[in-house]
Amino acid sequence: MTIIKSATIEEASLYIVATPIGNLADLSPRAVEVLQEVDVIAAEDTRHSGHLLQHYAIKTPTVSLHEHNEQQRSEVLLTRLQKGESVALISDAGTPLISDPGYRLVSLVREHNIKVVPIPGCCALITALSASGLPSDKFSFEGFLPAKAGTKRQVLDSLKNDARTLIFYESPRRLKATLTDMVDILGPERQVCLARELTKLHETIVTQPLAELLTWVDSDSNQQRGECVLLVAGNTEQHAPDELEAERVLSLLLTELPVKKAAAMTAKLLDMSKNKAYELALKLQQK
Ligand code: SAM
């Protein structure tokens with residue numbers, strides 16, 4: 001039987017609590033109550049979270065749970081939960097697990113049929129998307145791009161035909177280089193939003209074509225400071241490069257196979273519609 005400790009907290013439950021991404025006033029009243037009532041708070045950086053907890057006069061004991069101790073710390077927290085204690089997980093900013101630690105803990109705890117309760121709140125990518133003016137019906141969160149220049153360009157290249165709004169977390173140190181790669185790979189006209197220092201004093205949310213944004217960021221070093229999210233409009237144009245690739249594959253296959261078979265194989269290989277591949281094959285035959 002579950003014992004109710006307070007109106008908010010149940011024993012033996014793990015609470016995933018979102019915290020502010022800058023403005024301390026963005027912690028929800030429910031989050032404050034949970035953080036006050038749980039037996040222990042697992043924080044990514046206990047010193048960093050100390051400021052937030054102090055601000056709300058929360059005196060609950062904290063333990064660290066970060067990238068380097070998550071495996072071992074998760075086992076310890078699981079034992080505490082199994083004894084009936086309640087635990088809250090917070091990260092340095094925003095929603096835990098979103099480019100932050102916590103995945104191993106949550107999956108372990110769920111494997112043991114212990115209740116996991118999300119306490120929703122801030123998340124930089126959603127905050128940025130909601131104000132960017134870019135399509136928000138379909139989007140893909142890509143986290144941080146790889147630090148290595150070559151791998152980063154490969155990832156951007158693989159995303160260039162994606163029709164969804166693409167969302168990246170980026171370090172201000174790499175912002176200029178990333179925008180330069182984006183201009184190169186995604187084209188200078190693609191709309192991009194730079195959402196910087198969200199909820200803070202110098203909050204800046206600017207949506208422009210990539211080349212213009214790069215020129216502006218380059219000319220104003222203040223734009224290369226603080227925390228930022230980059231959101232890139234999806235590619236809504238016809239995908240001409242895909243067609244070129246399909247034509248290349250079809251021309252090869254048509255030397256060996258009948259039209260229908262060559263079209264079906266091309267469609268499968270390039271993940272395109274069979275009708276489209278068939279249409280292209282007929283066109284090529286008529287050339
Ligand atoms: N868990 C967090 C969340 O829910 O958004 C994100 C943690 S991730 C380690 C940190 C990155 O989030 C930063 O490098 C930046 O890209 C983005 N971010 C966090 N706070 C931000 C803010 N106030 N303004 C803009 N971007 C922010």
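The values are calculated or read from the model by the stated rules, or taken from the named source; none is laboratory data. All values reported here derive from a predicted model rather than from experimental measurement. A quick note on method: Cβ atoms are made from the backbone with ideal geometry, for glycine too, and the neighbour counts reach across all protein chains shown.
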- Message: Only one of Gly150, Gly143 is at positive phi, not assigned by TED's automatic domain parsing to the domain that holds Ser99 and not in a loop (DSSP other than H, G, I, E, B). Can you tell me which?
- Response: Gly143
- Please work out which residue is farthest from Cys228 (Cα to Cα), limiting yourself to region 76-134 and to residues that are more than 18 Å from the chain's Cα centre (by Cα) and of a type in the set (Ser, Thr, Tyr). Thr79
- Message: Tell me the residue from Ser132, Ser158, Ser140, Ser171 that is among the hydroxyl-bearing types (Ser, Thr, Tyr) and within 11 Å of the ligand (Cβ to nearest atom), please.
- Response: Ser171
- Message: Suppose we filter region 145-179 for residues that are under 24 Å from Thr127 (Cβ atoms) and either polar (S, T, N, Q) or over 16 Å from the mean Cα position of the chain (by Cα) (or both); how many remain?
- Response: 10
- Of all residues in region 96-109, count the ones that are assigned to a helix (DSSP H, G or I) and within 16 Å of Phe144 (Cβ to Cβ). 1
- Message: Can you say whether Leu282 is among the hydrophobic types (A, V, I, L, M, F, W, C), surrounded by 17 or more Cβ atoms within 10 Å (Cβ to Cβ) and touching a helix residue (DSSP H, G or I) at 6+ places or on another chain (Cβ under 7 Å), as far as the supplied structure shows?
- Response: no
- Message: Return the residues of region 67-88 that are of a type outside the set (D, E, K, R) and touching a Lys or Arg at 6+ places or on another chain (Cβ under 8 Å); say none if nothing qualifies.
- Response: Gln71, Ser74, Ser86, Val87
- So which helices (runs of 4 or more DSSP H) stay within region 1-95 end to end and still have 3 or more residues that are in contact with a helix residue (DSSP H, G or I) (Cβ under 9 Å, 6 or more places away or on another chain) and of a type outside the set (Lys, Arg)? 46-55, 70-82
